[in-house]
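Have a look at the structure below before the remarks.
Rule-based calculations on the coordinates, nothing more; no lab input. It should be emphasised that the depicted structure is a prediction, and the values quoted were computed from it without experimental measurement. For neighbour counting, all protein chains shown are included, and Cβ atoms are generated from backbone atoms with ideal geometry for every residue, glycine included.
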Amino acid sequence: MQRRVNAWCRFRHGEQSSTVTVCQHVRMATMRMVFTLDEEIAKRAERLGVDVSAAARQGVMDAVAAAMAVSDRLAYLEHPEVEDPEWTRIEGWDPR
């Protein structure tokens, strides 16, 4: 795995790149998807110089973040915090 990552970094950033050491710790998953855009939206994106791939990646990241927030909220509702009567004493280092 290490050799493959280094090879990818050399390919991506060039042999002399200082980014190679950073890339050794980056794990990326590759997923190939095909999606359809409305023709008008595709034309506008091209005209405005929008990187559709980057926008799609950002959209997926935003959707994952939103889903995680909902999941966290539901978990909190299922298992709410319970007040610990000892916490105030422990937090304040009360010697009692």
Unit charges at the beta carbon, dipole of the range 31-96: most positive-side option, A56, H79, M68
A56
Size of electric dipole in the range 31-82: Cβ of Lys, Arg +1 and of Asp, Glu -1, about Cα centre, debye, nearest 20
220 debye
What the 5 Å binned alpha carbon P(r) of the range 31-82 shows, as percent of pairs per bin from 0, is 4, 15, 17, 17, 13, 10, 8, 7, 5, 3, 1
